[in-house]
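Have a look at the structure below before the remarks.
The values are calculated or read from the model by the stated rules, or taken from the named source; none is laboratory data. Worth saying up front: this structure is predicted, and the values here are computed from it rather than measured. Quick reminder, even Gly has a Cβ in these numbers, built from the backbone with ideal geometry, and neighbours come from all protein chains shown.
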């Protein structure tokens with residue numbers, strides 16, 4: 001596992017505690033409209049992504065955190081289809 005994949009996997013595991021609070025899904029565009037700020041963008045590829053390159057985008061607003069997953073090409077091209085898909089971002 002490469003370093004970026006290990007960091008992303010650790011971040012995902014860290015954000016999913018045993019008694020996790022309610023989680024909701026929203027579009028990337030709606031999160032940006034609500035004032036969330038991009039804190040990191042990580043590109044990863046490996047067995048756990050079925051060897052596809054993905055972009056993991058982490059956003060934050062106050063105490064709320066959102067993690068969005070996109071195909072790398074969708075993120076690079078800012079595909080409206082991906083940015084408006086509510087299943088791409090998990091918010092806590």
- Message: Take the residues in region 33-49 that are closer than 19 Å to residue 73 by Cβ and in a loop (DSSP other than H, G, I, E, B); name whichever of them is modelled with the lowest pLDDT.
- Response: 46
- Selection within region 74-84 - touching a strand residue (DSSP E or B) at 6+ places or on another chain (Cβ under 9 Å) and either surrounded by 16 or more Cβ atoms within 10 Å (Cβ to Cβ) or in a helix (DSSP H, G or I) (or both): 74, 75, 76, 82, 83
- Query: Does region 51-66 include one or more residues that are part of a loop (DSSP other than H, G, I, E, B), surrounded by 15 or more Cβ atoms within 10 Å (Cβ to Cβ) and modelled with pLDDT of 95 or more?
  - Reply: no
